[in-house]
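Colleague: There's a structure below that I have some questions on.
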Amino acid sequence: MRRAAAARITPAWGVGIVVVLALVVWPYLGHSQAYQLTRLEYIFTGLMVAIGLNIVTGYAGQLSLGPGAVYAVGGYAAAIVANDHASVVGLAGMCGVALVASAVLGLVIGVPSLRVGGFYLGMTTLFFALVIPTVVANLKLTGKEQGISLLANIDFHQHVSGVALYQVTLAAVLVLLVLSWLLLESRLGHRFVTLATSEELASSIGIPPYRTKLLAFLLSALPAGIGGAFYAYTQQFISPGSVSPQLSIYLLAACVVGGFGTVLGPFVGGLIVIGLSQYLGRFEQYEGIIFGVLLVLFAVGLPEGIMGFEPRRVRVRPVWLRALRLPGLGGPRVEPVVRAVEPSAPRPAAVGAVAELLSGAPAERLEARNVSRAFGGVRALDDVDVTVRPGTIHGLIGSNGSGKTTLLNVVSGYYAIDRGRIALGGARIDGRSTHRIAAAGVARTFQTPKLVERGTLVDNVLVAVEQRGEVRGRRAAVDTARRCLAAVGLAERADERAGTQPHGTRRLVEVARALALRPGVVLLDEPGAGLSAPEVDVLRDVIVAIARAGAAVLVVEHNVPLVLEIADEVTALHEGRVIATGLPGDVAAHPDVVAAFLGANEGLVS
Amino acid sequence: MTLFVNAVITGIAVGAVYGLITIGYTVVFNATRVFNLAQGDLVMVGVLLSYWVLDVQHWPQVAAVVVVLVGVAAVALVEERIAVRPFLGRSRDNIGWFISTLAFGLVIETVVVRLYGNNPPRPVPSPLPSTRLHIGSIATRPQLLFAIGVLVVVTIAVEVFYRRTWLGQAMRATADDRDVAALRGIDPRRVSVIAFLIGGLLAGIGGYVVAPIVYADVTIGLTYSIKGFIALAIGGFGSIRGGIIGALAIGVAEQLFDLYIDPRYEIVASLALLMIILAVRPTGLFRNAVVREV
């Protein structure tokens with residue numbers, strides 16, 4: 001339904017198309033000398049690596065600093081095989097060898113370093129980029145300092161050469177570019193972008209973080225390996241100097257300048273940075289200074305890069321033409337939009353809409369028995385019992401630090417428990433990882449909403465619909481996402497960008513995303529905090545509707561009157577212990593609760 | 001056996017320099033949550049300043065100490081202002097500084113390479129006699145023992161600074177919780193400047209001490225930065241002692257690798273250590289798993 005708008009070519013894509021056309025006709029404008037073509041082909045091999053780097057760092061948010069390492073291994077593997085079997089191995093064979101080699105190296109680096117997370121991947125890859133030139137400079141297999149020269153091998157012939165080779169290389173770059181674009185728009189790409197936003201968020205909707213990161217890293221290694229094979233084929237030579245650690249930093253600079261996370265960023269940035277490095281002439285000796293300064297300038301001043309840059313106005317990109325920025329770099333520019341949600345969904349409609357969305361969801365009882373968890377010497381949870389029955393709302397109240405959020409976090413699997421058991425419909429879930437618990441039907445929202453800022457509201461909900469995996473086809477999935485948004489009264493804003501939304505809307509988007517998982521259990525962490533009165537009305541209706549639809553709802557909330565109004569049962573926590581549990585009125589009147597909340601003998605509700 | 005003991009002593013001495021880098025990392029990381037990837041390049045600047053003062057200008061050793069400390073600390077402060085401070089106010093899981101400190105290191109390296117020229121590493125005079133020191137059957141160079149001694153003194157000094165001085169405690173508070181520290185009137189920007197000042201001084205000391213051992217080598221920067229990181233990965237982030245133990249382990253492993261396997265592939269030794277620690281104990285030896293904040 002939005003296809004008409006989607007066809008509009010944004011300025012960024014206009015630039016991309018002009019650049020591609022210029023490159024296609026370039027050899028026919030009197031630049032077809034062999035050395036000129038070889039030089040451009042070299043730049044193209046760098047673009048392939050940059051496109052790969054963008055997948056892991058730009059899309060999936062995992063910083064990799066040593067893209068040159070995979071490039072080197074791919075290039076050397078291809079060169080060695082081509083040198084030994086010159087008569088049988090051509091360009092395709094070299095690419096095949098490089099793909100295998102780069103996948104192996106990807107596993108060797110990725111498996112151990114991604115398990116740890118943080119910036120280990122960045123440092124490990126950088127270290128490999130540093131080690132590989134030293135190793136190949138000493139190994140007989142790799143020709144030591146001289147490297148491997150296919151040019152000197154009389155059996156080796158370029159079956160494709162001259163302008164044709166230039167065109168093949170350019171075509172390979174464009175194919176990789178299109179594949180990387182399709183990837184960004186695929187389910188997997190959506191998972192990558194969600195992971196880049198927040199690992200906690202990703203696992204809370206059932207995305208396994210480690211496997212997804214590893215996949216992103218492997219997918220980034222493949223174009224780098226192909227780049228290496230093309231290097232060996234087009235330059236007919238590879239040596240330790242071809243794969244210096246500086247190359248990795250320049251490739252990083254290419255993506256930073258062009259814009260990490262945008263489809264065209266590595267292409268445009270790569271042409272600028274690697275192109276510059278080829279045509280600096282006598283300034284070549286200052287290369288490190290030029291690119292270092294460029295990197296600092298962009299990292300500080302324009303973290304979204306050239307292709308990610310937009311004037312400061314709210315503009316919505318169609319779903320399939322978005323270019324998502326790396327959220328880690330510099331943070332999003334949040335345009336101030338102050339506009340409260342008018343509850344567009346009348347109350348009975350909310351109930352019907354939610355019931356329809358949640359039909360067929362598992363109705364299971366959530367039970368926490370004797371749950372204890374300590375942090376250092378602090379007993380955050382001490383022998384806590386809570387039961388949430390299907391179709392009911394269980395309110396969790398208590399002062400700050402009483403253990404409410406900790407309880408939600410142990411249920412969703414962020415923290416392990418020291419003692420006790422947590423069960424969902426009789427099956428133990430404590431000890432399972434967060435994404436498995438989410439897959440078992442436990443959805444949640446966060447105290448501070450976690451959203452993919454560059455995506456639209458639909459995008460944010462869509463990833464949860466896709467994760468559930470029951471809706472077939474993009475159109476149906478988008479439709480489901482829209483219905484989830486409509487259920488929380490956000491139908492009108494579905495195509496606006498998440499980063500521009502006020503706090504209240506962001507919370508409701510989280511609730512819509514939870515609905516999209518069609519959960520049996522919904523955990524809400526202070527959903528009412530910071531909401532305006534009309535927004536609280538919408539929220540109340542939705543929570544009640546979720547319970548009516550058969551789900552078990554556990555709400556942590558400071559707004560005690562709201563809890564007492566909607567909850568079927570209430571548990572009060574104080575310093576990690578349950579001090580009262582039962583019907584809302586009884587808990588509110590319980591002397592210990594009154595004392596804990598007010599420190600005086602006054603009722604909670606007057 | 002003598003060879004082995006000598007390799008271990010040399011390893012501890014080289015490890016002592018890595019140890020100074022890890023302390024620099026930790027001081028800066030604790031105060032700013034920034035991992036200064038130019039730390040190794042700062043050490044390299046110290047080495048080259050030593051070379052310039054002692055071998056080019058023929059000034060005395062005292063002048064070298066002053067010039068190196070002031071010079072490297074100044075570069076560190078410039079780095080803090082340009083490549084780090086812009087990121088301090090931004091969101092928590094920011095990685096822009098990662099790129100900017102790496103890039104700053106690249107700039108420093110290129111500048112120094114231009115100034116030094118395309119020459120092989122030249123020797124740098126040591127403040128100590130070059131005659132070997134004989135302890136029983138073992139003969140060792142005084143400069144190596146000097147490096148170990150400096151590490152011990154610096155470690156104690158940093159620990160005392162953190163425990164006994166108001167400023168040190170303020171920096172520890174910032175490490176624990178930046179926002180709370182800011183509320184208590186501790187200016188995070190000032191803490192950041194002081195952290196980089198200390199980091200720069202530590203890099204300067206490291207450069208001065210290691211110069212006579214490694215010579216005027218302009219290429220060591222990035223390698224040192226990464227080895228410092230691996231030392232922290234082994235010891236555990238945030239812990240000064242853990243980092244030092246990791247650093248000494250790398251130093252000794254490298255020397256033993258040189259002795260028994262092949263010195264040409266020395267750099268593989270630390271890579272192997274990193275892969276082993278990632279496989280066996282990914283959080284490092286001296287640190288518990290971090291609690292994630294949701």
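Colleague: Yes or no: B:L115 crowded, with 20+ Cβ neighbours inside 10 Å and farther than 27 Å from B:I240 by Cβ?
Modeller: Here the answer is no, as B:L115 does not meet what is asked.
Colleague: Within region A:559-592, track down each residue that is of a type in the set (S, T, Y) and touching a His at 6+ places or on another chain (Cβ under 8 Å).
Modeller: If the condition is that a residue be of a type in the set (S, T, Y) and touching a His at 6+ places or on another chain (Cβ under 8 Å), then A:T571 is the only one that fits.
Colleague: For region A:414-434, enumerate the residues that are within 24 Å of the chain's Cα centre (by Cα) and either away from every other protein chain (no Cβ under 14 Å) or free of Cβ contacts under 8 Å to residues at least 60 places away in the same chain (or both).
Modeller: A:Y415, A:R432
Colleague: Still on this structure, please answer the following. Can you name the condition, by its number, that B:V113 falls short on among (1) within 18 Å of the chain's Cα centre (by Cα); (2) of a type outside the set (S, T, N, Q); (3) within 14 Å of chain A (Cβ to nearest Cβ)?
Modeller: (1)
So that you can scan it fast, the table gives a plain yes or no per residue for (1) in a helix (DSSP H, G or I); (2) touching a Cys at 6+ places or on another chain (Cβ under 8 Å); (3) under 22 Å from B:R90 (Cβ atoms); (4) modelled with pLDDT of 90 or more:
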site: A:A253; (1), (2), (3), (4): yes, no, yes, yes
site: A:T262; (1), (2), (3), (4): no, no, yes, yes
site: A:P266; (1), (2), (3), (4): yes, yes, no, yes
site: A:G269; (1), (2), (3), (4): yes, yes, yes, yes
site: A:V273; (1), (2), (3), (4): yes, no, no, yes
site: A:Q285; (1), (2), (3), (4): yes, no, no, no
site: A:I290; (1), (2), (3), (4): yes, no, no, yes
site: A:V293; (1), (2), (3), (4): yes, no, yes, yes
site: A:L297; (1), (2), (3), (4): yes, no, yes, yes
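Colleague: Go through the residues of region B:31-53 one by one and say whether even a single one is within 30 Å of A:L302 (Cα to Cα) and surrounded by fewer than 21 Cβ atoms within 10 Å (Cβ to Cβ).
Modeller: yes
Colleague: Quick one: which of A:A363, A:A355, A:A368, A:A323 is at pLDDT below 50 and either away from every other protein chain (no Cβ under 14 Å) or touching a His at 6+ places or on another chain (Cβ under 9 Å) (or both)?
Modeller: A:A323
So that you can scan it fast, the table gives a plain yes or no per residue for (1) away from chain A (no Cβ under 14 Å); (2) assigned to a helix (DSSP H, G or I); (3) closer than 27 Å to B:V78 by Cα:
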residue: B:P127; (1), (2), (3): yes, no, no
residue: B:V150; (1), (2), (3): yes, yes, yes
residue: B:E159; (1), (2), (3): yes, yes, yes
residue: B:S192; (1), (2), (3): yes, yes, yes
residue: B:L197; (1), (2), (3): yes, yes, yes
residue: B:A211; (1), (2), (3): yes, yes, yes
residue: B:V218; (1), (2), (3): no, no, yes
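Colleague: Further question on the same structure: Taking A:T45 and the conditions (1) surrounded by fewer than 17 Cβ atoms within 10 Å (Cβ to Cβ); (2) within 18 Å of A:L252 (Cβ to Cβ), which numbered condition does it fall short on, given that it satisfies the others?
Modeller: (1)
Colleague: Can you run down the residue pairs with Cβ atoms below 6 Å, 6 or more apart or on separate chains, where the first is in region A:48-65 and within 11 Å of another protein chain (Cβ to nearest Cβ) and the partner is in a loop (DSSP other than H, G, I, E, B)?
Modeller: Close Cβ pairs (under 6 Å, with a partner that is in a loop (DSSP other than H, G, I, E, B)) amount to A:T57/A:L63; A:T57/A:S64; A:T57/A:F260; A:G61/A:G328; A:L63/A:F119; A:L63/B:I95.
Colleague: For B:I21, indicate whether it is surrounded by 24 or more Cβ atoms within 10 Å (Cβ to Cβ), under 17 Å from the mean Cα position of the chain (by Cα) and not charged (D, E, K, R).
Modeller: yes
Colleague: Report those strands (runs of 3 or more DSSP E) wholly inside region A:376-482 carrying at least 3 residues which are under 26 Å from A:H190 (Cβ atoms).
Modeller: By residue number, A:442-444.
Colleague: Now for a separate question. Condition first: more than 15 Å from A:V555 (Cβ to Cβ) and touching a helix residue (DSSP H, G or I) at 6+ places or on another chain (Cβ under 8 Å). Now tell me which residues in region A:500-514 satisfy that.
Modeller: Those that are more than 15 Å from A:V555 (Cβ to Cβ) and touching a helix residue (DSSP H, G or I) at 6+ places or on another chain (Cβ under 8 Å): A:Q501, A:G504, A:T505, A:R506, A:V509, A:A512, A:R513.
Yes/no per residue for (1) buried (at least 24 other Cβ atoms within 10 Å of the Cβ); (2) out of contact with any Phe, Trp or Tyr (no Cβ under 9 Å at 6 or more places or on another chain):
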residue	(1), (2)
A:Q235	no, no
A:I238	yes, no
A:Y250	yes, no
A:V256	yes, no
A:G259	yes, no
A:L276	no, no
A:R282	no, yes
A:Q285	no, yes
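Colleague: On to the next question. Which of the helices (runs of 4 or more DSSP H) contained wholly in region A:53-145 include at least 2 residues that are farther than 30 Å from A:H159 by Cα?
Modeller: Once the helices (runs of 4 or more DSSP H) in region A:53-145 are filtered for at least 2 residues that are farther than 30 Å from A:H159 by Cα, what remains is A:91-116, A:120-136.
Colleague: Which residue pairs have Cβ atoms closer than 8 Å, lie 6 or more positions apart in sequence or on different chains, and pair a first residue in region A:293-312 that is away from chain B (no Cβ under 13 Å) with a second residue that is surrounded by fewer than 19 Cβ atoms within 10 Å (Cβ to Cβ) and not in a helix (DSSP H, G or I)?
Modeller: Going by the 8 Å Cβ cut-off, the qualifying pairs are A:F309/A:L302; A:R312/A:R333; A:R312/A:E335.
Colleague: Would you be able to tell me the number of residues in region A:118-172 that are within 14 Å of chain B (Cβ to nearest Cβ) and either touching an Asp or Glu at 6+ places or on another chain (Cβ under 7 Å) or not aromatic (F, W, Y) (or both)?
Modeller: Summing the residues that are within 14 Å of chain B (Cβ to nearest Cβ) and either touching an Asp or Glu at 6+ places or on another chain (Cβ under 7 Å) or not aromatic (F, W, Y) (or both) in region A:118-172 gives 23.
Colleague: Which of the residues spanning region B:54-95 are assigned to a helix (DSSP H, G or I), facing chain A (nearest Cβ under 8 Å) and surrounded by fewer than 24 Cβ atoms within 10 Å (Cβ to Cβ)?
Modeller: Answer for region B:54-95, where residues must be assigned to a helix (DSSP H, G or I), facing chain A (nearest Cβ under 8 Å) and surrounded by fewer than 24 Cβ atoms within 10 Å (Cβ to Cβ): B:I82, B:P86.
The values are calculated or read from the model by the stated rules, or taken from the named source; none is laboratory data. Given the structure is predicted, the values throughout are model-derived calculations rather than measurements. All Cβ positions, glycine included, derive from the backbone under ideal geometry; neighbour counts span all protein chains shown.
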